[in-house]
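Structure first, commentary second.
Every number here is computed from the coordinates shown, using simple stated rules; none is lab data. Fair warning: this is a prediction, and the values are worked out from it, not measured in the lab. Please note: Cβ atoms are built from the backbone with ideal geometry, for glycine as well, and neighbour counts cover all protein chains shown.
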Amino acid sequence: MKPWSKLQKQLYLLVDPNLDFQIHCNAYRMKSQRGTTSLPRYWIVLNKEIIFDYPKDFLSNLIPREGSRELRPTGTSSWLLNRDLPVEDLYPYYTEIQDISCVIREYIDTPVNELFGKTFEDDKWRLTDILKAADKRLGKNKLIQIKQETSNKSVLKVIIARGI
């Protein structure tokens, strides 16, 4: 995988230059006595408003399995202490560090005429929907089609910012 700045630059070449659209990635190093890991954060800013924020926007996807303890109201999860769960269930971002960048790379590499017929299998965050809405290669008719077919608030904000 190329450095983030190169991937970001290639993506910006596809974004409508009239949009105040930024995408960022940062990895926060976490050290402990047991080792180190990097916690990724990806976020998209449109007109100074964060419209996509991973992992924050996706914490509700962390649903305990049957038989595990329920989430605490404070947001801390007692079920995380269940050592019988695979690491992906205990801490999904552990395995998703590169996944979002790979989805962005796949989007960039997809020819414009294939964007609407393609299913981005690894895009569990619906990030490519936001990228399509910001993509300068897509005309007004495609944006109208996206607007009619989506209920994703972030996608709608991008389309509205494009004047559709």
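Close amide H partners of residue 15, meaning residues 5 or more places away or on another chain with modelled amide H under 5 Å apart, are 136. Highest average first, the peptides 27-38, 121-132, 12-23 ordered by how many other beta carbon atoms sit within 10 Å of their residues are 121-132, 12-23, 27-38.
Among the listed pairs 31/153; 31/132; 48/132, give every one whose C-alpha distance is greater than 31 Å.
On the way: 31/153 36 Å; 31/132 37 Å; 48/132 20 Å.
Over 31 Å Cα-Cα: 31/153; 31/132.
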